[in-house]
Amino acid sequence: MTELDADQQRLVELMIGYQNGNMADFNDLYSTLQAPLTRYLWTFVRNASAVEDLLQTTFLQLHRARRTYIPPRPVKPWMYAIARHVALMHLRSHRRRREVTADETLPDIPIPPAAEKLGDRKMVRRLLLELPRPAQEVLVLHHMLGLSFVEIGHVMGISSGAAKVRAHRALKTIRARIGEPGA
């Protein structure tokens, strides 16, 4: 069993325990998934208090939907799908009020290894933030949060091939904006 498989298995065990009413397992789930879900929610909104609200709503939805989780399916894609739904509902309800946050208040967004080779961290971060939300979302899910393209497809409701294409096009766009040859 690989380390990633062990991590996934641990999340499955925690989810089963939580389904059976073990609140310690919920606390472990929360502490394990809080940071990656926060990074993912930043692809939708760039406001610390909104992200915190969305994170809490995501875990509330997890609580409500905990009985629908079917072991041994991977927990992370299921949670990212819940978070995505919560974020999209938030965006729909706040479509007219678009909040802008100063760049210096943004958290340090990890740069995908494939993009980090393209230029300095600050420039790549800026270019990543300029991409359309679906492109940002695929890069965050794959390169930063480690989901496979099959898992990303499940989260976003697209095929794994479409997820690969979005990731490729996003990196190609970043390369083109940097002026890298062959972009």
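The values are calculated or read from the model by the stated rules, or taken from the named source; none is laboratory data. Remember, it's a predicted structure, so these values are computed and weren't measured experimentally. As a convention, Cβ positions derive from the backbone with ideal geometry for all residues, glycine included, and neighbour counts pool all protein chains shown.
Some points to look at:
- The stretch 134-152, residues that are outside any loop (DSSP other than H, G, I, E, B) and among the small types (Gly, Ala, Ser): Ala135
- Scan of the stretch 1-37 for residues that are more than 22 Å from Thr68 (Cβ to Cβ) and touching a residue at least 60 places away in the same chain (Cβ under 8 Å), ordered by number: Leu4
- For the stretch 126-152, the candidate set comprises residues that are of a type outside the set (A, V, I, L, M) and surrounded by fewer than 19 Cβ atoms within 10 Å (Cβ to Cβ); within that set, the residue that is farthest from Ala83 (Cα to Cα) is Arg126.
- Within the option set Ala65, Ala115, being modelled with pLDDT of 95 or more and either in the same structural domain as Asp25 (by TED's automatic domain parsing) or closer than 26 Å to Ser159 by Cβ (or both) holds for one residue only, Ala65.
- Candidate set from the stretch 36-48 (those that are within 23 Å of Arg126 (Cβ to Cβ) and in a helix (DSSP H, G or I)); member that is nearest to the chain's Cα centre (by Cα): Tyr40
- Thr43 satisfies every condition listed in (1) surrounded by 18 or more Cβ atoms within 10 Å (Cβ to Cβ); (2) at pLDDT 95 or above except (2).
- Verdict on Arg73 being more than 15 Å from the chain's Cα centre (by Cα), of a type outside the set (A, V, I, L, M) and not in a helix (DSSP H, G or I): yes
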